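Written out below as C-alpha cells is the structure these notes cover.
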Amino acid sequence: MFINAVELKWSNPVQETQKYKAYSLNNFRDIPQMAAVSEALKFDIEVVGHVLPFKTNNFVVDHLIDWENVPLDPLFVLTFPQRDMLLPHHYDEIAGLIRAGADSAAIKTAANRIRLQLNPHPAGQVSHNIPSLEGEQLDGMQHKYRETVLFFPSQGQTCHAYCSFCFRWPQFVGLSDLKFASREVDRLIAYLQANPQVTDVLFTGGDPLIMSARNLALYIEPLLEADLPNLRRIRIGSKALSFWPYRFLGGNDIEDDSDNDSEDLLALFRKVSESGKHLAFMAHFNHPRELAPEPVQRAILRIRQTGAVIRTQSPLLRHINDEPAVWIEMWNRQVDLGCIPYYMFIARDTGAQHFFSVPLVRAWEIFREAYQHVGGLCRTVRGPSMSANPGKVQVLGVSEVNGEKVIQLRFIQGRNPDWVHRPFLARYDESATWLSELKPAFGEAHFFFQDELEQFYRENLSTGHPEDYE
Ligand SMILES: *Cc1c(COP(=O)(O)O)cnc(C)c1O
Ligand code: SF4
C-alpha cells in the first residue's frame with residue numbers, strides 16, 4: 001500500500017572517532033560537496049543564513065546528506081537554510097543588501113528587524129512559564145505542566161548542528177530573553193523541594209550534551225545527592241545521536257577536544273540509573289536515514305547499556321518527513337534499535353513555519369496512515385500534537401456530527417491538568433495549521449478552556465490577549 005522510498009544504507013564507514021568540524025555562514029563554501037552546488041543555491045544559503053541560524057558539521061555533511069539529491073534531499077533541507085524559509089520581501093531585502101556590498105552592521109540591523117517579525121517567542125514561553133521561588137524569578141527554568149520542570153543549563157545553549165526548523169532559533173541568534181544565574185542548580189533543587197508535585201526534570205537547550213561530562217555532572221550529581229523523593233525521572237533532550245554520535249563513542253568532545261569523555265558521560269548515565277532514578281534520553285530524529293549510520297546504532301546500544309531508556313520525538317515537517325512511509329520506517333527502525341517512539345509534533349508557529357507547516361487535517365492523515373501500518377510496539381507514539389499556549393493539543397481526527405464536519409481534539413498536557421483528555425470539537429478547516437486558526441464547532445463562541453486561559457493571562461499580568469492562545 002505504501003512505497004518504501006527511504007534509502008537507509010550506511011555505505012561510507014569511517015574510523016572509530018572523528019574530529020568535529022563545524023560549518024557555518026563564513027566557511028560553508030569550503031565543504032567539498034559544495035563544489036557541485038550551483039552558485040544561486042549558495043547565495044540563497046548566504047541570504048537566509050544571515051537571518052536564521054545556520055551551523056552544520058562534517059558528520060552531517062559526509063554521512064547524512066545525500067548530495068546527489070540536493071537541493072531536495074530531506075537531510076539537506078533539515079540542516080541548510082532554504083530560500084523559501086524567508087518571505088519573499090524579507091529575502092529580497094537581505095539579498096539586496098548583500099549584492100550592494102552593505103556592511104555587516106547594516107545587514108545585522110535588517111536581519112534583527114526581520115527576526116522580530118517571525119514570532120520569536122511562541123506559546124508564551126517567555127512571559128508565562130517562568131517559575132518563581134520566594135518571589136524571585138527562576139531564569140533558565142520553565143514550569144508549565146504540573147509534573148515536569150524544564151531546565152536550560154547555561155552551557156548547553158548550542159547544538160552540534162542546527163535544524164533549519166528549530167523553534168529555539170532565537171537562543172542561537174542572541175534574541176532570547178533566557179538568562180542564566182550562577183546558582184542555578186541550587187535554585188533548581190530548592191524549587192523541587194518546594195514543589196513536591198514535580199516528578200520530572202527535563203534538561204534541554206540547545207542540546208545539553210554539547211556540554212562535557214564534567215559540566216553535566218555539576219548539574220546532575222547535586223540532584224542525585226539532594227534528598228528529593230519526588231524527583232523520579234531525569235530527562236535529557238538531545239539531537240547528539242543523530243548529529244554527532246561520536247559523543248558516545250570516544251569521539252572528540254566539542255568543548256575541549258583533548259577531553260575525550262564519552263566514558264565519563266556514560267558513567268554519569270549509569271549513576272542516575274543506579275541511584276534509583278530513571279534516566280530518559282529524549283532523542284530527536286526527524287528522518288529514518290538518521291538511524292542508518294553504524295556509529296549511531298553503536299551509540300544507541302551504548303546508551304541503552306547504561307540503563308537509560310531512549311524515547312524519540314520529531315515534528316512533522318513539509319519537505320522533510322511529510323509522508324507516511326517515512327514515519328513507518330522511522331518508528332520501525334527505532335523499535336528495532338530498542339528506542340521507544342514518543343511524540344509526533346506539529347511544526348511550531350515561529351521562524352519558517354510557513355515553509356515547514358503541514359495542515360492539521362493532513363498531519364492527522366499522515367499520522368493515521370503510518371500508525372495503521374506499524375505493530376503495537378511502535379504505537380507508543382502520540383500525535384500529531386501542537387505545543388500551544390493552553391497545552392499540548394492532539395488532533396484526534398475528523399468526523400461528522402449531525403451533518404457538520406468537525407475536527408476532534410484533546411489535551412495531552414494542559415496548563416490546567418483538568419483539561420487533559422477531554423475531547424473538544426473545532427469546525428472543520430482543511431487549511432488550518434495551528435490551534436489559533438481553529439474555531440469552535442456548531443457556532444459556539446469559545447472552546448471550553450478559553451475563559452480559564454484568559455483568566456490565567458490576567459492573573460499573570462502578561463501581555464497575552466484572549467485571541468493570542470497559540
Ligand atoms: C512537552 C513539554 C513537557 C513534557 O511533557 P510530557 O508530556 O511529560 O513529555 C514539559 N514542559 C513543556 C513546556 C512541554 O512543552
Ligand atoms: S537539535 Fe534541537 S535545539 Fe538544536 S537546532 Fe535542532 S531542534 Fe533546535
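The values are calculated or read from the model by the stated rules, or taken from the named source; none is laboratory data. What you see is a predicted model; the values in this text were computed from it and never measured. Note that we place each Cβ from the backbone using ideal geometry, even for glycine, and neighbour counts take in every protein chain shown. Calculation scope for accessible area: heavy atoms of the full protein, side chains included, ligands and nucleic acids excluded. Shrake-Rupley method; radii C 1.70, N 1.55, O 1.52, S 1.80 Å.
In the set 174, 206, only one residue is within 26 Å of residue 286 (Cα to Cα), within 16 Å of ligand 1 (Cβ to nearest atom) and in a loop (DSSP other than H, G, I, E, B); that residue is 206. Scanning the stretch 395-424 for residues that are under 30 Å from residue 149 (Cβ atoms), free of Cβ contacts under 8 Å to residues at least 12 places away in the same chain and either surrounded by 19 or more Cβ atoms within 10 Å (Cβ to Cβ) or away from ligand 1 (no atom under 13 Å from the Cβ) (or both) turns up just one, 418. Checking 312, 306 one by one, the residue that is of a type in the set (Val, Ile, Thr), over 17 Å from the mean Cα position of the chain (by Cα) and either open to solvent by less than 10 Å² (accessible area, probe 1.4 Å) or modelled with pLDDT of 95 or more (or both) is 306 and no other. So in the stretch 151-164, with the set limited to residues that are open to solvent by less than 40 Å² (accessible area, probe 1.4 Å) and farther than 29 Å from residue 109 by Cβ, which one is farthest from ligand 1 (Cβ to nearest atom)? It comes out as 160. Just one of the numbered conditions (1) assigned to a helix (DSSP H, G or I); (2) of a type in the set (A, V, I, L, M, F, W, C); (3) in contact with a helix residue (DSSP H, G or I) (Cβ under 9 Å, 6 or more places away or on another chain) is not true of residue 301; which one? Just one mismatch for residue 301, condition (3).
With 80, 167 as the choices, which residue is among the aromatic types (Phe, Trp, Tyr), open to solvent by 50 Å² or more (accessible area, probe 1.4 Å), within 15 Å of ligand 2 (Cβ to nearest atom) and touching a helix residue (DSSP H, G or I) at 6+ places or on another chain (Cβ under 8 Å)? So that I can check it myself, show each step before the final result.
Values: 80 fails: open to solvent by 50 Å² or more (accessible area, probe 1.4 Å).
Only one candidate qualifies: 167.
Within the stretch 209-235, restricting attention to residues that are closer than 21 Å to residue 299 by Cα and within 16 Å of ligand 1 (Cβ to nearest atom), which residue is most open to solvent (accessible area, probe 1.4 Å)? Top of the filtered list is 235.
Taking the conditions (1) surrounded by 19 or more Cβ atoms within 10 Å (Cβ to Cβ); (2) more than 17 Å from residue 348 (Cα to Cα) in turn, residue 380 satisfies each one other than (1). If the condition is being in contact with a Phe, Trp or Tyr (Cβ under 8 Å, 6 or more places away or on another chain) and open to solvent by 20 Å² or more (accessible area, probe 1.4 Å), then the stretch 47-65 contributes 53, 55, 63. For the stretch 327-359, a tally of residues being assigned to a helix (DSSP H, G or I) and open to solvent by less than 10 Å² (accessible area, probe 1.4 Å) returns 6.
Looking only at the stretch 93-112, residues that are farther than 12 Å from residue 50 by Cα and either of a type in the set (Ser, Thr, Tyr) or surrounded by fewer than 13 Cβ atoms within 10 Å (Cβ to Cβ) (or both) come to 5 in all. The residues of the stretch 177-202 that are in a strand (DSSP E or B) and either surrounded by fewer than 22 Cβ atoms within 10 Å (Cβ to Cβ) or modelled with pLDDT under 95 (or both), listed by number, are 200, 202. Restricting 349, 322 to those that are acidic (Asp, Glu) and within 16 Å of ligand 1 (Cβ to nearest atom) reduces the list to 349.
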